[in-house]
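Notes to accompany the following structure.
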Amino acid sequence: MDYFNAPGRNHLFVPGPVNIPDQIIRAMNRNNEDYRSPAIPALTKTLLEDVKKIFKTTTGIPFLIPTTGTGAWESALTNTLSPGDRIVSFLIGQFSLLWIDQQQRLKFNVDVVESDWGQGAKLDVLESKIASDTAHTIKAICIVHNETATGVTNNLAKVRQILDSYKHPALLIVDGVSSICALDFRMDEWGVDVAITGSQKALSLPTGIGIVVAGPRAIEASKTAKSLRVFFDWKDYLKFYQLGTYWPYTPSIHLLYGLRAALDLVFEEGLENVIARHNRLGTATRLAVEAWGLKNCTEKEEWHSDTVTAVVVPSYIDSAEIVRRAWKRYNLSLGLGLNKVAGKVFRIGHLGYLNELQLLGCLAGVEMILQDVGYPVKLGSGVAAASAYFKNTIPLIPSRI
């Protein structure tokens, strides 16, 4: 039952959890089964191979951990580092802030590089630190690829370029929770040593699988890392991989079948087409925001995110009221502003199994809400800007040509 029922479907436009496609719901609608039977290892084997494709790696080893992105963070850190290790971590928004808090509580020596919220990571500061670290005391660089709180995407290729130019051996550990399988992500090409994502974001699954992919250097580091770990220990997984049974403990079987369906949808559309679709959705949303006379929280075009847009509201409007009104009157779910930008921005999530017409419905709802809260937007202005862009960019559906 729904605790707060409403006609029609809820229009879910938070930047995760996202809409779940019917194909995934049907795939998960099944009875429990014995995970020690031959069926689950056979399924798991295909998932491990195919997950590597969305990370664009041939050398990484995936771990499908029954957890959230927060657990995936912890797994990435504790398997590769030891207490007291020096790491450089970038604070650019709420989720990078939470990851830094975890790093500090795990007793790492965290060198925090902070940017204003709405700006990307200060890579010039990173270069200065790497250049001066001739003793190689920095053991890892931790960076959020796409900061969901502010809609900022960082340049990972540049991070790798900096490390390589100084021949620095620090591990590159990346939070790709709201980027992988939606934004361009190249694990092998960019020399990412550990990358993580969550099932509830671009893969359009329920929350519950933290996907960690570890490259060869990270696997090697895990052999000597002294951080305490039990549930998240890669060594246990690798042991069962060798045995061909894959699971050191009971997996979420229904989510595994859902993940199989999710990956099939990605490959049917084509990963590059998925990335291009997200670019269209992000571009159209930004054009709508501009047409409304509002500003994007992200300060420079190079940092624009194609999975979430944080919209800055005038000082006389509380952005939380926009989110409340959206849910109470229009059955539309938008993202709140968090922490430093609470009350100042609302967020439109545009990631996952989502098409252009769905987004136009969201933009139409936002326009009505903006008028409700006293902002003088012209109804249809943002929708028109997005529609004009879509009309010239939406390709034919490949399966229907």
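Tabulated results
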{"read-out": "Candidate set: the stretch 299-316, residues that are open to solvent by 10 Å² or more (accessible area, probe 1.4 Å) and assigned to a loop (DSSP other than H, G, I, E, B); chosen: the one nearest to Gly365 (Cα to Cα)", "value": "Val313"}
{"read-out": "The stretch 294-327, residues that are over 29 Å from Tyr3 (Cβ atoms) and among the aliphatic types (A, V, I, L, M)", "value": "Leu294, Val312"}
{"read-out": "Filter result for the condition that a residue is closer than 24 Å to Gln94 by Cα, among the hydrophobic types (A, V, I, L, M, F, W, C) and touching a residue at least 60 places away in the same chain (Cβ under 8 Å), over Ile348, Ile317, Ile322", "value": "Ile348"}
{"read-out": "For Asn155: the one exception among (1) more than 16 Å from the chain's Cα centre (by Cα); (2) open to solvent by 50 Å² or more (accessible area, probe 1.4 Å)", "value": "(1)"}
{"read-out": "Pairs where the first residue, in the stretch 147-163, is within 23 Å of Val312 (Cα to Cα) and the second is crowded, with 23+ Cβ neighbours inside 10 Å and among the charged types (D, E, K, R), C-beta under 8 Å, 6+ apart", "value": "Thr148/Arg347; Ala149/Arg347; Gly151/Arg347; Thr153/Glu147; Thr153/Asp306; Asn154/Glu147"}
{"read-out": "Residue in the stretch 287-298 that is surrounded by the fewest Cβ atoms within 10 Å (Cβ to Cβ), counting only those that are in a helix (DSSP H, G or I) and out of contact with any strand residue (DSSP E or B) (no Cβ under 7 Å at 6 or more places or on another chain)", "value": "Glu290"}
{"read-out": "Odd one out for Glu299, checked against (1) more than 18 Å from the chain's Cα centre (by Cα); (2) of a type outside the set (Phe, Trp, Tyr); (3) not assigned by the TED database to the domain that holds Gln358", "value": "(3)"}
{"read-out": "Extreme residue, farthest from Val311 (Cα to Cα), among residues of the stretch 116-152 that are of a type in the set (Ser, Thr, Tyr) and over 20 Å from the mean Cα position of the chain (by Cα)", "value": "Thr134"}
{"read-out": "Residue among Arg229, Arg260 that is of a type in the set (D, E, K, R), surrounded by fewer than 20 Cβ atoms within 10 Å (Cβ to Cβ), closer than 30 Å to Asp85 by Cα and in contact (Cβ under 8 Å) with a residue 60 or more places away in the chain", "value": "Arg229"}
{"read-out": "Residues (open to solvent by less than 50 Å² (accessible area, probe 1.4 Å) and closer than 16 Å to Ser37 by Cβ) located in the stretch 232-248", "value": "Gly244, Tyr246, Trp247"}
{"read-out": "Filtered residues of the stretch 3-41 (kept if aliphatic (A, V, I, L, M) and either open to solvent by less than 30 Å² (accessible area, probe 1.4 Å) or in a loop (DSSP other than H, G, I, E, B) (or both))", "value": "Ala6, Val14, Val18, Ile20, Ile24, Ala27, Ile40"}
{"read-out": "Per-region count, the stretch 192-222, residues under 10 Å from the mean Cα position of the chain (by Cα) and closer than 24 Å to Ile162 by Cβ", "value": "2"}
{"read-out": "Lys340 vs. criteria part of a helix (DSSP H, G or I), open to solvent by 20 Å² or more (accessible area, probe 1.4 Å), within 14 Å of Ala310 (Cα to Cα) and not assigned by the TED database to the domain that holds Thr150", "value": "yes"}
{"read-out": "Sole residue being within 26 Å of Val345 (Cβ to Cβ) and in contact with a strand residue (DSSP E or B) (Cβ under 9 Å, 6 or more places away or on another chain), chosen from Ser204, Ser179", "value": "Ser179"}
{"read-out": "Number of positions in the stretch 371-388 that are surrounded by 14 or more Cβ atoms within 10 Å (Cβ to Cβ) and either outside the structural domain of Lys295 (by the TED database) or among the charged types (D, E, K, R) (or both)", "value": "1"}
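This table checks each residue for (1) in a helix (DSSP H, G or I); (2) in the same structural domain as Gly361 (by the TED database).
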site	(1), (2)
Ala225	no, no
Phe240	yes, no
Pro251	no, no
Leu263	yes, no
His278	yes, yes
Thr285	yes, yes
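The values are calculated or read from the model by the stated rules, or taken from the named source; none is laboratory data. Because the structure is a prediction, the values reported are computed rather than measured. Neighbour counts run over all protein chains shown; Cβ positions are idealised from the backbone, glycine included. To get the accessible areas, we keep the full protein, side chains included, count just its heavy atoms, and leave off ligands, DNA and RNA. Shrake-Rupley method; radii C 1.70, N 1.55, O 1.52, S 1.80 Å.
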